[in-house]
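The values are calculated or read from the model by the stated rules, or taken from the named source; none is laboratory data. If you're wondering where the values come from, they're calculated on a predicted model, not measured in any experiment. So basically every Cβ, Gly included, is an ideal-geometry build from the backbone, and we count neighbours across all protein chains shown.
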Amino acid sequence: MTGCSEPQADKYEAARIRMVRNQIQDRGVINTAVLDAMRKVPRHLFTPKEYQDQAYNDYPLPIGYGQTISQPFIVAYMTEALKPGKKMKALEIGTGSGYQAAVLAEIVDKVFTIEIVPELSAESAERLKKMGYENITCRSGDGYQGWPEQAPFDIIIVTAAAEKIPQPLIDQLAENGRLIIPIGAPAAVQELILISKKNGKTIEKRLTYVRFVPFRRL
Ligand code: SAH
């Protein structure tokens, strides 16, 4: 990414509008706040330069350090499942490029995001700051323990595949909050699980099958 800021109408705008229609709306995402955010966030600024021309295509892309920026549809699908609202506070585990954090930050009040690869964390913090996202706070470290100083969260999104749901994340979920996480063995197909908290109890719903990079521990 260069130091200069991108004008609102960039050369990828038409591709971004098409992406939302063909990959996201056509597959059933209807939440207007989510669709608006996906139309607004310049995804090409979150991919390495050599992949910018593919940023609006229907697949994940490498972002270095063996990690990926998720497929656009998956970002939209997970965001919609979380039922994000204007006044909400969100936690993301797995900042990666910062794209998912930016999409959430267009909708909710505040986003806290943790990334285990220090270089990726620093790069995305810098990128998000340059883009003017003042409501996103980045931290480098193992997201397993969540962010206790900022808990509880209305929304928790984990964008790496874990074998089981980290208990600290369940503990840091607010009453009526929602947590989404891919669960399953690494290098296999995982199941996307949605957890909601009602009267202190958690309700689990299985959504769909996905493939994410593994959740790691320090
Ligand atoms: N949400 C990202 C995609 C993330 S890929 C985006 O929009 O670009 C998953 C990320 O989770 C990787 O960058 C990986 O390094 C990170 N990760 C894996 N285990 C983690 C952990 N325990 N804590 C924090 N981040 C973790």
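Here is a yes/no grid of residues against (1) surrounded by fewer than 19 Cβ atoms within 10 Å (Cβ to Cβ); (2) farther than 20 Å from Met131 by Cα:
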{"residue": "Gly64", "(1), (2)": "yes, yes"}
{"residue": "Gln71", "(1), (2)": "yes, yes"}
{"residue": "Thr79", "(1), (2)": "no, yes"}
{"residue": "Pro84", "(1), (2)": "no, yes"}
{"residue": "Gly94", "(1), (2)": "no, no"}
{"residue": "Gly98", "(1), (2)": "no, no"}
{"residue": "Ala101", "(1), (2)": "no, no"}
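Give Gln25, Gln54 a once-over and let me know the one that is within 15 Å of the ligand (Cβ to nearest atom), free of Cβ contacts under 8 Å to residues at least 12 places away in the same chain and over 18 Å from the mean Cα position of the chain (by Cα). Of Gln25, Gln54, the one residue that is within 15 Å of the ligand (Cβ to nearest atom), free of Cβ contacts under 8 Å to residues at least 12 places away in the same chain and over 18 Å from the mean Cα position of the chain (by Cα) is Gln54.
Test Ile30 against the criterion of being assigned to a loop (DSSP other than H, G, I, E, B) and either within 22 Å of Ser140 (Cα to Cα) or touching a residue at least 40 places away in the same chain (Cβ under 8 Å) (or both), and give yes or no. Yes.
Exactly one of these conditions fails for Ile114: (1) without any contact (Cβ under 8 Å) to a residue 40 or more places away in the chain; (2) surrounded by fewer than 14 Cβ atoms within 10 Å (Cβ to Cβ); (3) farther than 16 Å from Pro84 by Cβ. Give me its number. Against the list (1) without any contact (Cβ under 8 Å) to a residue 40 or more places away in the chain; (2) surrounded by fewer than 14 Cβ atoms within 10 Å (Cβ to Cβ); (3) farther than 16 Å from Pro84 by Cβ, Ile114 comes up short only on (2). Tyr77 passes every criterion in (1) of a type outside the set (S, T, N, Q); (2) closer than 25 Å to Ala122 by Cβ; (3) in contact (Cβ under 8 Å) with a residue 40 or more places away in the chain apart from (2). Return a yes/no flag: does segment 9-18 have any residue that is basic (Lys, Arg), out of contact with any strand residue (DSSP E or B) (no Cβ under 8 Å at 6 or more places or on another chain), modelled with pLDDT under 95 and assigned to a loop (DSSP other than H, G, I, E, B). Within segment 9-18 (the criterion being basic (Lys, Arg), out of contact with any strand residue (DSSP E or B) (no Cβ under 8 Å at 6 or more places or on another chain), modelled with pLDDT under 95 and assigned to a loop (DSSP other than H, G, I, E, B)), the answer is yes, since at least one residue qualifies.
Of all residues in segment 170-218, those satisfying the criterion of being in contact with a strand residue (DSSP E or B) (Cβ under 7 Å, 6 or more places away or on another chain), among the charged types (D, E, K, R) and either within 17 Å of Ser70 (Cβ to Cβ) or within 16 Å of the ligand (Cβ to nearest atom) (or both) are Glu191, Arg211. Go through segment 34-64 and give me each residue that's in contact with a Leu (Cβ under 6 Å, 6 or more places away or on another chain) and assigned to a loop (DSSP other than H, G, I, E, B). The answer is Thr47, and nothing else.
Within segment 92-141, the set of residues being more than 7 Å from the ligand (Cβ to nearest atom) and among the acidic types (Asp, Glu) comprises Glu106, Asp109, Glu119, Glu123, Glu126, Glu134.
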